[in-house]
Amino acid sequence: MLHFIRFPTDEINNFFDTSKKIGMADSLSTVCATGGGANKFKDNFKNELNIKLRQCDELASLIRGLLFTVASNNNECYVWSRRTEDEQCSTQEYTFQYNKYPFMVVNIGTGVSILIVYGPNNYKRITGSGMGGGTFLGLCSLLTGCDTFDEAIELAANGDNFKVDKSVQDICGGSYSEIGMPGEEIASCFAHMNSKEKRAKVSKEDLARSSLVNIANETAEKARIPALYEKIDRVCFVGNFLRGNPIATKLLSHAMDKRSNGSQKAIFLKHEGYFSAIGCLLSIDE
């Protein structure tokens with residue numbers, strides 16, 4: 001059985017202190033690690049705990065861990081149904097054919113990496129974005145004064161992004177039917193904030209909601225285009241940005257479905273932020 005814990009990297013010194021108290025270094029000489037921190041903190045682990053970090057490639061670990069998890073757990077994957085209807089939307093289990101290729105993985109952490117998986121050991125990163133979870137928290141911290149990701153998500157859950165963003169209806173007075181744009185679609189992010197009067201009325205919750213909505217929409221569009229080009233209909237969204245964040249998963253699902261006319265399915269996984277860690281652990285046998 002695996003147990004997952006998490007903490008922000010700015011708490012690394014507290015982690016070292018706790019590890020010393022519980023005698024972690026007494027029973028370990030090497031720890032598998034991946035991601036940017038595996039390189040950034042390798043000297044700290046050696047100096048503080050006398051533990052060597054065995055560094056594993058992050059994206060290779062991600063794919064290895066994801067394939068292992070969906071093959072081992074039939075209940076890992078889910079999709080959203082009726083996601084635009086708050087009272088009726090729900091998650092449904094999804095049977096992911098992990099041995100059917102290709103499929104796309106969109107990893108949303110501090111930034112975004114988008115990969116196409118052609119086989120168990122055959123993948124490539126095709127694009128990415130600097131607008132990810134770090135952008136969301138950074139914007140929310142600047143705009144609302146919040147300190148943590150969980151606080152930012154709580155604010156967003158109670159906000160209305162259309163008090164911040166301009167819709168097609170705000171600009172056109174209704175839908176732009178000639179090009180198929182409904183009135184409720186966002187026309188310009190944060191555009192209401194050009195008005196001093198509207199800035200005076202907007203809430204922290206509205207600002208957080210707008211930040212979240214626009215990061216999710218941009219990520220979906222970034223994924224949709226290469227998926228269309230590569231004729232991929234299954235897009236797996238993973239990463240810690242999605243942890244405890246049903247607003248984002250519903251937004252991503254809706255955006256992918258709408259912009260692809262239903263040809264692309266947004267798939268989510270219950271252990272969304274831990275696949276690189278699982279894949280890194282599996283590398284012990286290599």
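Annotations
- Trypsin sites (Lys or Arg not before Pro) lying in DSSP loop within the stretch 195-251, provided at most 10 other Cβ fall within 10 Å: 231
- With both labels modelled 7 Å from their Cα along Cα-to-Cβ, the residue 184 to residue 284 distance reads 5.0 nm.
- Straightening the chain between residue 27 and residue 194 buys 54.3 nm, computed as 0.36 nm per residue apart minus the Cα-Cα spacing.
- Computed lengthening from residue 75 to residue 12, 0.36 nm per intervening residue step minus Cα-Cα distance: 19.4 nm
- Those chymotrypsin sites (Phe, Trp or Tyr not before Pro) in the stretch 1-42 that DSSP places in a loop and that have at most 11 other beta carbons within 10 Å: 4
- Accessible area per residue for the chain, computed on protein heavy atoms with a 1.4 Å probe, is 54 Å².
- In order along the stretch 233-239, phi translates into HN-Hα couplings of 10, 10, 10, 8, 9, 9, x Hz, rounded to whole numbers, per the Karplus curve 6.51 cos²θ - 1.76 cosθ + 1.60 with θ = phi - 60° and x for Gly and Pro.
- The chain - mean residue ellipticity at 222 nm from DSSP helices (-39,500 (n - 2.57) per run, n ≥ 4, rounded to 500): -12500 deg cm²/dmol
- Restriction of the GluC sites (Glu not before Pro) in the stretch 1-106 to DSSP coil positions whose beta-carbon has at most 10 other beta-carbons within 10 angstrom yields 85, 87.
- The mean sequence distance of close C-alpha pairs (under 8 Å, at least 6 residues apart), as a share of the length of the stretch 187-286, puts its relative contact order at 26 percent.
- Placing 229, 274, 118 in order of accessible area, with the largest value first and a 1.4 Å probe, yields 229, 118, 274.
- Sequence-distant contacts, meaning Cα pairs under 8 Å at least 6 residues apart, place the relative contact order of the chain at 22 percent.
- Note on the stretch 17-162: with charges restricted to the Cβ of Lys and Arg (+1) and Asp and Glu (-1), its dipole about the Cα centre is near 960 debye.
- With 0.36 nm allotted per residue and the present C-alpha distance subtracted, the residue 228-residue 100 stretch has 44.3 nm of extension available.
- A Förster radius of 30 Å, combined with the Cβ-Cβ distance separating residue 170 from residue 125, puts the computed FRET efficiency at roughly 0.20.
- Among 143, 66, 269: highest mean-square fluctuation, GNM of the chain, C-alpha pairs under 10 Å: 143
The values are calculated or read from the model by the stated rules, or taken from the named source; none is laboratory data. This structure is a prediction, so every number in the text was calculated from the model and none was measured. Neighbour counts are summed over all protein chains in view; Cβ atoms, including those assigned to glycine, are modelled from backbone coordinates with ideal geometry. These accessible areas exclude ligands, DNA and RNA; they are computed on the full protein's heavy atoms, side chains included. Shrake-Rupley method; radii C 1.70, N 1.55, O 1.52, S 1.80 Å.
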